[in-house]
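Novice: I have a structure here, written as structure tokens, and I will follow up with some questions on it.
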Amino acid sequence: MNFLLTSYFWPLASPITLSNHLKFSFDNPRTKPELDYARQYLKDLYESKKARPLPIHSEEDIVSLETILVDFRDTFSERDEYIREFLASYKRKNIFSYFAKMWIVARFDDEGEVARITRRTRANARGWRAGFDNA
């Protein structure tokens, strides 16, 4: 199985299957490698200053990543027990972890293609030397 990051955030208690035949579903990152990848992607994007319109948090009454997360919690936790439990342990220093856990991903069965490409790339890299005679 593999996944693609979408542009949506919502904590899901369980995957939403769209096709059993195609093994396609919406989900959140669940494994440590998936969560690490999503968290690092968010941190790298934020630190690159390419997508940094909001501060992470602020003591002033302005919009920040933290106020978005808190407003989300306050708006939906009364209606959704999973959201209430999910965000109950929010800690300011882990904001990218919370957004990573909430990221909607599209899961699909790539039939091992990414693993095959990775193995081939690593094998080819071992055989490369500096210069132009690698053809």
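Taken together, the values in this text are just the output of simple stated rules run on the coordinates, not laboratory data. None of these values were measured; they are calculated from a predicted model. Using ideal geometry, Cβ is built from the backbone for each residue, glycine included, and neighbour counts are taken over all protein chains shown.
Novice: Given a cut-off of 17 Å, what percent of all Cα-Cα pairs of the range 40-80 lie beyond it?
Specialist: The proportion of pairs with Cα distances above 17 Å equals 44 percent.
Novice: Right, next: Distance between the C-alpha centers of the range 100-116 and the range 10-80? Whole Å please.
Specialist: Cα centroid to Cα centroid, the span is 16 Å.
Novice: Restricting to DSSP loop positions (anything but H, G, I, E, B) with no more than 11 other Cβ atoms inside 10 Å of their own Cβ, which trypsin sites (Lys or Arg not before Pro) remain in the range 1-83?
Specialist: K49, K50, R79
Novice: Still on this structure: I want to verify a result. In a Gaussian network model of the chain, Cα cutoff 10 Å, which of these has the top mean-square fluctuation: F76, F86, F99?
Specialist: Of the options given, F76 has the highest mean-square fluctuation.
Novice: Note down the relative contact order for the range 18-133 as a percent, whole number, built from C-alpha pairs under 8 angstrom at least six residues apart.
Specialist: For the range 18-133, the relative contact order is 39 percent.
Novice: Which angle from 0 to 90°, rounded to the nearest 10, does the C-alpha axis of helix 113-127 make with the longest principal axis of the chain?
Specialist: Computed tilt is about 50 degrees.
Novice: What does the charge count near G112 come to, summing +1 for each Lys or Arg and -1 for each Asp or Glu among other residues with Cβ under 14 Å from its Cβ?
Specialist: Net local charge, G112 excluded: 0.
Novice: Report D for the chain in µm² per second (integer): Stokes-Einstein, Kirkwood Rh on Cα pairs, 25 °C, 0.890 mPa s. Write down the numbers at each step before the final one.
Specialist: On the way: Rh = 17.5 Å.
D = 140 µm²/s.
Novice: Which whole-number percent of Cα pairs in the range 1-55 have a distance greater than 16 Å?
Specialist: 53
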